[in-house]
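This report concerns only the one structure given below.
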Amino acid sequence: MDKPINNRAWFLVVPVVAIVAFNAILPLMTVINYSVQDTFGNNQFFWNGVGWYQELLDPNAELGGRFLASLGRNIVFSLIVLAIEVPLGILVSLCMPKKGPGVAFCLVVMALPLLVPWNVVGTIWQIFARSDIGLLGWTVNHLGLDYNYTAGFFSAWFTIIVMDVWHWTSLIALLCYAGLKSIPDAFYQAARIDGASRWAVFRAIELPKLRRVLLIGVLLRFMDSFMIYTEPFVVTGGGPGNSTTVVSIELVKIALGQFDLGKAAAMSIVYDLIILVSCWIFYTVMTNTREVRRERLA
Amino acid sequence: MARIELNNLAHSYKPGPADASDWAVKPMTMVWNDGGAYALLGPSGCGKTTLLNIISGLVIPSAGKVLFDEVDVTTLPTERRNIAQVFQFPVIYDTMTVAENLAFPLRNRGVARRQIAERVKQVASMLDLSSDLARLASGLTADMKQKISLGRGLVREDVRAILFDEPLTVIDPHLKWQLRSALKRVHRHSRTTMVYVTHDQTEALTFADKVVVMLEGEVVQIGTPQELFEEPAHTFVGYFIGSPGMNVLPALVEGCKAHIGDSTITLGSSYPKFSGGQKVEIGIRPEFLRVGNGGHGLEVNVLRVEDAGSRRIVRAEIGGLPVAAIAGEEEMVSAGRLSLEPDPKRVHVYADSKLVRV
């Protein structure tokens with residue numbers, strides 16, 4: 001039977017194309033356009049080819065040095081944050097009650113930090129951790145530890161990491177909680193019958209069943225922590241020195257502080273590509289290990 | 001392997017049960033012999049899964065005792081009862097291979113590595129899983145997964161009983177009988193006490209030596225498949241078992257005669273007088289109704305004749321109530337009036353749904 005060919009359905013895609021073009025493709029094109037030019041203001045642009053990119057990836061150049069150093073901080077920050085939040089989130093979700101009045105209470109309390117806007121989180125911690133008037137800062141200092149996030153490298157890092165853990169562990173915990181709730185009772189009953197220890201139940205049942213939600217959780221947390229801007233900007237302003245200056249802070253400095261649109265655009269593009277590629281690699285690895293293992297065994 | 005004894009056992013999910021409907025399992029006393037194959041048969045919600053969970057220790061009964069080999073295990077936790085259970089939906093450990101799945105209960109109990117390997121091998125060959133031992137369990141079909149669940153029970157040599165909670169629910173029809181015969185074989189081989197919960201009479205009757213029929217939290221009959229068929233102790237057993245089920249008709253019983261509407265039939269023995277408040281019924285299996293010439297049978301109105309291949313089922317009505325009968329090969333049946341003659345010895349009398357024995 002011949003199917004009537006009618007391409008008019010393509011018109012239905014037009015709104016999407018228009019919206020995406022308007023808010024993503026055109027701005028991205030502009031950024032790409034900037035990244036191959038230089039400007040001294042006055043809306044005058046000069047062609048620079050791949051010059052900015054070369055400088056960006058050259059550790060000895062001023063731009064490259066700043067970029068790679070801040071990128072390194074981003075990577076370290078993301079790794080530390082993931083290494084803390086994922087296990088902690090799983091642990092919290094395992095401890096949350098599965099039924100009874102405690103469930104609603106726990107869910108609300110867990111959701112609270114997620115509802116606080118980034119800059120407010122930053123402000124809360126900026127004050128909370130101050131060594132003169134902040135409860136945390138004052139207490140830690142009076143316990144005899146030298147803690148001052150505006151002066152000490154470790155204090156600054158400690159502050160932004162704890163802040164991020166406070167802000168986002170709930171996300172992992174809630175995702176895992178949803179994953180745990182979806183495990184049928186029969187699995188736990190079977191495990192009891194099989195004499196499994198708590199740890200064996202976690203390894204054999206819970207962790208495998210959490211795989212999918214953890215994949216999403218880790219992806220979200222990775223992307224989010226990798227593009228972090230507001231909180232360190234509010235708390236430490238990138239300092240002391242450059243010790244908490246992440247790529248996004250560096251970007252804003254270059255783009256809006258120095259008005260080096262070309263450099264900033266090149267940096268944005270590379271930053272963007274790094275996030276895209278790492279997410280893709282991560283996703284592929286996480287979803288493929290299973291299949292590979294199955295094939296190997298088959 | 002163990003003899004399981006239920007002593008005045010009862011359970012309610014509600015605290016402080018008031019009336020009869022609050023009890024999921026009504027008080028019962030029962031003994032299941034060591035090495036037997038039992039089926040718990042009943043409709044959904046009759047309490048059979050609750051009873052099973054009480055035996056496995058997943059539910060602690062509100063009253064009564066559970067004894068394994070005369071040892072009280074009522075409050076003993078599941079893991080210390082040495083029980084295995086196969087659930088409705090296959091429970092397997094996704095990230096493990098078939099062999100690892102089978103080894104899991106032994107590993108948890110700290111059995112020596114070599115002994116585990118040996119046991120796993122034995123059980124795998126018993127269940128035809130030998131060639132799949134190295135495969136990841138998550139990629140297998142539902143029936144293989146159920147075999148693994150069963151295998152995790154069998155692998156423990158000291159297992160006292162294996163409980164099955166409707167294990168064939170998610171199995172394809174054509175694989176059901178295979179798995180069922182595998183079960184039967186395993187039972188003959190291992191002689192482990194097995195208790196099988198199901199709402200499917202075929203499964204129950206083919207699997208079990210003894211079938212326990214439950215209704216609304218109560219055991220209405222325990223018997224061999226033959227006993228359930230020939231002498232249902234409760235009208236429910238009558239129409240739950242057998243296809244088509246037993247004909248249950250309200251009747252007026254006087255001595256050895258029963259009046260159903262305008263018809264009168266002869267009973268196998270003489271019955272005492274029933275009090276006015278009792279609901280008196282007679283039950284006749286369709287298999288025991290013959291097509292007669294009229295005179296001393298049930299005068300029915302034939303509605304249709306169903307050809308079920310090997311036999312023909314006569315669907316009729318008497319005073320508005322449906323009656324079924326199995327017609328013999330040569331018997332000609334057509335729509336209209338017909339007399340169905342029962343075998344008097346096979347006609348049972350029920351008072352308030354319970355069999356009256358004389």
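The values are calculated or read from the model by the stated rules, or taken from the named source; none is laboratory data. For clarity, every value in this text was computed on a predicted model and none was experimentally measured. Because the Cβ atoms are built from the backbone with ideal geometry, glycine has one as well, and the counts that use them run over all protein chains shown. These area figures cover heavy atoms from the full protein model, side chains too; ligands, DNA and RNA do not enter into them. Shrake-Rupley method; radii C 1.70, N 1.55, O 1.52, S 1.80 Å.
Entry note, the stretch A:72-297: relative contact order of 26 percent, from Cα contacts under 8 Å with a spacing of 6+ residues.
Using the Cβ-Cβ distance between A:L207 and B:D22 with R0 set to 51 Å, the FRET efficiency from 1/(1 + (r/R0)^6) comes to roughly 0.80.
Remark on B:E341: its backbone amide H falls under 5 Å from those of B:R290, B:V291, B:G292, B:L298, a criterion applied only to residues 5 or more positions apart or on other chains, H modelled at 1.01 Å from N. Per residue, how large is the accessible surface of the protein assembly as shown? Use a 1.4 angstrom probe and give square angstrom. The answer is 50 Å² per residue. I need the shape label for the stretch A:34-182. Rule: rounded when a/c is under 1.5, else prolate if a/b > b/c, else oblate, with a, b, c from the alpha carbon gyration tensor. Here the stretch A:34-182 falls in the prolate category. Annotation: amide H-H contacts under 5 Å for B:V59 (H modelled 1.01 Å from N, sequence separation of 5 or more, or interchain): B:I54. If the chain linking B:T264 and B:D352 were pulled fully straight, counting 0.36 nm for each residue of separation and taking away their Cα-Cα distance, it would gain 29.6 nm.
The share of accessible area on the stretch A:39-168 that comes from carbon and sulfur is 72 percent, using a 1.4 angstrom probe. Full extension of the segment from A:F45 to A:L26, taken as 0.36 nm per residue of separation minus the current Cα-Cα distance, would add 5.0 nm. Within the straight-line cut-off of under 24 Å between alpha carbons, the lysines reachable from A:K263 are A:K253, sequence neighbours fewer than 8 places apart in one chain being disregarded.
Could you tell me the calculated FRET efficiency between A:V103 and B:Y13, based on Cβ-Cβ distance and R0 = 25 angstrom, to the nearest 0.05? So the FRET efficiency works out to roughly 0.80. Cross-link pairs exceeding 23 Å in C-alpha to C-alpha distance, out of A:K98/B:K65; B:K65/B:K147; B:K257/B:K354; B:K147/B:K176, comprise A:K98/B:K65; B:K65/B:K147. Peptides A:164-171, A:14-21, ordered by how many other C-beta atoms sit within 10 Å of their residues on average, highest first, read A:164-171, A:14-21.
As a length-normalised measure over Cα pairs under 8 Å and 6 or more apart, the relative contact order of the stretch B:218-358 settles at 26 percent. The ellipsoid equivalent to the alpha-carbon distribution of the protein assembly as shown has semi-axes of 73, 31, 25 angstrom, derived from the gyration tensor eigenvalues as √(5λ) and listed largest first.
Backbone amide hydrogens, once placed in the peptide plane, bring B:V220 within less than 5 Å of B:V213, B:M214, B:L215, excluding anything fewer than 5 places away on its chain. Spin-label model, B:S181 to A:H142: label points 7 Å out along the Cα-to-beta-carbon direction sit 8.2 nm apart. Rounded to the nearest whole Hz, the Karplus-based 3J(HN,Hα) values (6.51 cos²θ - 1.76 cosθ + 1.60, θ = phi - 60°) of the stretch B:181-191 follow the sequence 6, 4, 4, 4, 5, 4, 5, 4, 6, 8, 6, with x at glycine and proline. Taken residue by residue and averaged, Cβ atoms of other chains lying within 10 Å of the Cβ of A:199-212 number 2. Electrostatic tally near A:N141: other residues with Cβ closer than 12 Å to its Cβ, Lys and Arg +1, Asp and Glu -1, net -1.
Evaluated at q = 0.08, 0.11, 0.13, 0.16 Å⁻¹, a Debye calculation over the C-alpha positions of chain A (equal weights, vacuum) places log10 I(q)/I(0) at -0.52, -0.89, -1.09, -1.29.
Report the far tail of the P(r) of chain B, meaning the percent of Cα-Cα pairs longer than 38 Å. Result for the distance tail: 31 percent.
Solvent-accessible surface of protein heavy atoms, probed at 1.4 angstrom with all chains present, puts A:F226, A:F202 in the order A:F202, A:F226, largest first.
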